[in-house]
Amino acid sequence: MSALDRKRSGEIDRLRVQAEGDFRAHGPQLAGRLLHACQRLRAAGEGEEALLLAQEAAGIHRQLLDRYRSVGTGLAHALLQLGLCLAEVGASEEAVDVLQECIALTHTLPAQLRPPAQRLRCNALECLALILGSSGRTAEAVAASQRAIRGYRALFEEDPSVAPELARGLHNLATLLASRAEWEQALALLEESLTLYDRLSTTGNSALAAERSRAQQLHAVLAGGEQGSGDVAGEALSAYHLAAEADAYSATSGLGSIPAHVEIHRVEPVDDVAQPHREQRSMDRNRIDLTEAVQAVRDDLRAATRTFDGGDLQFEMGPIELEFTVELERDPRARSGVRTWVITDAGGTSSAATARHRLKLTLTPRELAYRSVDVTDRI
């Protein structure tokens, strides 16, 4: 734990003690600090610890409501964070329940809280759509996403700062519709999304720039493949799925960030990939899911920076280019309708149900980007 982290942890412990003495005065402040720490832990990939803090914050707001009838957006905010944390640790059903509670709660808040309550409701609906879509419940996901878009549009008329969320929501809804082969509607939504992205400044905002890039990629492929076979769009959606998978929940909520984002540069047909030697082709195929492969790289980066804690040797962590041979399989359970596998055995042979491609992407660490890391000289 760094000195700054120890200081923050000490502040939370101090607030816990103060809240025991005067819960009404210090409880809201403690909950706010817990949610802020929760976001940092999510950004660092510490999902289980982040979940504990979100649960504590939600519990504090429930007590404030029960004891003092405290009215505000605090509980809805905490429930949204809790839903995100549950989704990120794989507890999808629990996340859906919590987000639905958050949505219902926003409808009960007083009129003077309507704009922030509606914004939280739209955030929760968008996260709910992503979780439902990832679980294969596409129709429900589309319905939730459409509700979010209607809310964002109404807010945007009064508050232009909602533009990033509206652009992101249109982008996500387009992806869901494209997964159902509703190309024309998906393209129209993407064009509207890109118009909003173009009006926004992405300078210094890597997350927003990555979203815009993904929207451009998806639009280009759908526009080029709508008159061709569905395979073209399916393959691109698979690549898009990888890019969106890493930061779907945190990006949609606008409440946090992840340690890295992935940008697809190129998906080439199998003819452009060097074929294995004949004697290798008899070997059994070995493959892993593409998102797992990228996650493994991210885990290694975090482990490396934790291992080296001082010394006179330094290196800089910047963008890392990765290139994989992948196979694409149709999978109705996948958000894009296509599952992407990394071929770890070059001698493996493709089955009739798969298409092999070469995929190039860049992994850009966010928390570690261009940070000098000291490496201890142990000799």
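The values are calculated or read from the model by the stated rules, or taken from the named source; none is laboratory data. Predicted, not measured: the structure shown is a model, and the values here were computed from it. In this analysis, Cβ positions are derived from the backbone assuming ideal geometry, glycine residues included, and neighbour counts consider all displayed protein chains.
Answer yes or no as to whether GLU88 is surrounded by 15 or more Cβ atoms within 10 Å (Cβ to Cβ), acidic (Asp, Glu) and farther than 24 Å from GLY133 by Cα. No, not satisfied. Checking segment 42-56 against the condition returns a match, with at least one residue being more than 20 Å from ARG119 (Cα to Cα) and in contact with a Gly (Cβ under 8 Å, 6 or more places away or on another chain). No other residue among ILE131, ILE149 is closer than 17 Å to ALA87 by Cα and not acidic (Asp, Glu) apart from ILE131.
The residues in segment 171-184 that are in contact with a Gly (Cβ under 7 Å, 6 or more places away or on another chain) and assigned to a helix (DSSP H, G or I) can be counted, and the count is 2.
Rundown of residues vs (1) under 21 Å from the mean Cα position of the chain (by Cα); (2) of a type in the set (S, T, N, Q); (3) surrounded by 21 or more Cβ atoms within 10 Å (Cβ to Cβ); (4) assigned to a helix (DSSP H, G or I), yes/no style:
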residue	(1), (2), (3), (4)
LEU99	yes, no, yes, yes
LEU113	no, no, no, yes
ASN123	yes, yes, yes, yes
GLU126	yes, no, yes, yes
LEU130	yes, no, yes, yes
GLN146	yes, yes, no, yes
GLU157	no, no, no, yes
GLY169	yes, no, yes, yes
LEU194	yes, no, no, yes
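Table: residues versus (1) in a helix (DSSP H, G or I); (2) out of contact with any strand residue (DSSP E or B) (no Cβ under 9 Å at 6 or more places or on another chain); (3) of a type in the set (Asp, Glu).
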position	(1), (2), (3)
GLY27	yes, yes, no
LEU30	yes, yes, no
GLU56	yes, yes, yes
GLY72	no, yes, no
ALA76	yes, yes, no
ALA95	yes, yes, no
CYS102	yes, yes, no
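Here are LEU35, LEU41: which of them is in contact with an Asp or Glu (Cβ under 8 Å, 6 or more places away or on another chain) and assigned to a helix (DSSP H, G or I)? Testing whether each residue is in contact with an Asp or Glu (Cβ under 8 Å, 6 or more places away or on another chain) and assigned to a helix (DSSP H, G or I) leaves just LEU41. It is to be established whether one or more residues within segment 117-134 are among the β-branched types (Val, Ile, Thr) and touching a residue at least 60 places away in the same chain (Cβ under 8 Å). Yes, segment 117-134 contains a residue that is among the β-branched types (Val, Ile, Thr) and touching a residue at least 60 places away in the same chain (Cβ under 8 Å).
Just one of (1) surrounded by fewer than 17 Cβ atoms within 10 Å (Cβ to Cβ); (2) part of a helix (DSSP H, G or I) fails for GLY136. It is (2).
Selection of first residues in segment 42-60 that are within 17 Å of LEU99 (Cα to Cα) and of second residues that are hydrophobic (A, V, I, L, M, F, W, C) and not in a helix (DSSP H, G or I), restricted to Cβ pairs under 7 Å at least 6 apart or on distinct chains, gives the following pairs, ordered by first then second residue: LEU51/VAL89. Restricted to segment 197-211, and to residues there that are part of a helix (DSSP H, G or I) and surrounded by fewer than 21 Cβ atoms within 10 Å (Cβ to Cβ), the residue that is modelled with the lowest pLDDT is SER206. Residue count for segment 9-42, restricted to those that are among the basic types (Lys, Arg) and either closer than 30 Å to ALA87 by Cβ or buried (at least 20 other Cβ atoms within 10 Å of the Cβ) (or both): 4.
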